[in-house]
Amino acid sequence: MGRHRVAVFLLPAMLALLLAGCRRETGENATAIPGASAPAAAVKELTTHLVAGDFAAFARDAVPPDLHTRLDTAWREGRTRWPLDELPLSDTHPRALAALAADDAEASLQRTFDRQFANAGAELRQTAAALGLFGVQFIQQQSQYSESERQHLSQVVAALSAWAGQAPLTDREHAAAAIALLTDAAREAGLTSAEDFAEAGMDDALQRMTPVVAAGKQALKLYGLDLDADLSAMETTLQSQTGDSAKVRLQYTLAGQPIDTVVDVERRDGRWYVSDFIANVEAAVAVAASASEPADNR
């Protein structure tokens, strides 16, 4: 199977990895000020945005306003795609969406499914287990992840691997329904190239990803994984706070497996943010800015 085909079928799982994070109250009384007023709220608000499929709101509240502005500039110049960069195989997203939006996508992807997955239940279960072990080992060995990211992602990958080993991934009717959901959403989004993402700009492109996120969650639900139900039951507890730094404990269940981890949060200009997201965006913007500088200025 070609790499873009793999990305197409893994898209719901990619979304699940990013969705395993954080949550906020929404509605008429929701604050319009980025960030949160308390450490635990900094964790809660982001999950609510992601449960709603609102990546644009996630990007807005994940970092301080000045950093968000720099991120938007880097996005428009095609030098970063954060927060989508948090997802596995992030460089394949435009190709995956293009494959889903193609005129013959439904028939083509169904043929691919029939060829690759029909009568391959035992093989897929073994692959799921192997990928779970490999994924955890890979995460533990990557220096770009913080300790809290390694702990959290390792649990998420293990839970998704266990789920995939039991899910009806070879069921043809499930596959047809999932393909229909994802192809319709990809066509609605209209983001089929890197140029489309850059031209739309960060906020608009992320808003246009909303139907794709929703379709991905609906597809996962067909296979027995209800992300919204799992995340809505998340408990967040302030574990400690020293000045402008704090630790928040997250406890929730993902695909029947308990997830228990601690994330660092920090206060900037009176508002609280998840430290890992600030660090990741600052690194992305810094690399992007460095890449754009003339050689004689470096």
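The values are calculated or read from the model by the stated rules, or taken from the named source; none is laboratory data. If you're wondering where the values come from, they're calculated on a predicted model, not measured in any experiment. Cβ placement follows ideal geometry from the backbone for every residue including glycine, while neighbour counts extend to all protein chains displayed.
A few notes on this one:
- Considering residues of region 253-269 that are β-branched (Val, Ile, Thr) and surrounded by 19 or more Cβ atoms within 10 Å (Cβ to Cβ) only, the residue farthest from residue 154 (Cα to Cα): 265
- Check on residue 214, under 26 Å from residue 179 (Cα atoms), part of a helix (DSSP H, G or I) and out of contact with any Phe, Trp or Tyr (no Cβ under 7 Å at 6 or more places or on another chain): yes
- Here 80, 127 are screened, and the one residue that is polar (S, T, N, Q) and within 17 Å of residue 279 (Cα to Cα) is 80.
- Matching residues in region 49-80 - criterion: being out of contact with any Gly (no Cβ under 7 Å at 6 or more places or on another chain), modelled with pLDDT under 90 and within 23 Å of residue 156 (Cα to Cα): 49, 51, 52, 53, 54, 55
- When restricted to residues that are of a type in the set (A, V, I, L, M), within 11 Å of residue 202 (Cα to Cα) and not in a helix (DSSP H, G or I), region 52-82 contains 0.
- Flag for residue 148 being surrounded by fewer than 19 Cβ atoms within 10 Å (Cβ to Cβ), under 21 Å from residue 50 (Cα atoms) and of a type in the set (S, T, N, Q): yes
- Residue selection: residue 112 satisfies the criterion of being among the β-branched types (Val, Ile, Thr), surrounded by 12 or more Cβ atoms within 10 Å (Cβ to Cβ) and in contact with a helix residue (DSSP H, G or I) (Cβ under 6 Å, 6 or more places away or on another chain).
- Residue 169 being in contact with a Phe, Trp or Tyr (Cβ under 8 Å, 6 or more places away or on another chain), surrounded by 22 or more Cβ atoms within 10 Å (Cβ to Cβ), on the phi < 0 side of the Ramachandran plot and assigned to a loop (DSSP other than H, G, I, E, B): no
- Extreme residue, farthest from the chain's Cα centre (by Cα), among residues of region 28-80 that are free of Cβ contacts under 8 Å to residues at least 24 places away in the same chain and buried (at least 19 other Cβ atoms within 10 Å of the Cβ): 45
- Region 233-252 - residue that is of a type in the set (A, V, I, L, M, F, W, C) and buried (at least 17 other Cβ atoms within 10 Å of the Cβ) and, of those, farthest from residue 39 (Cα to Cα): 234
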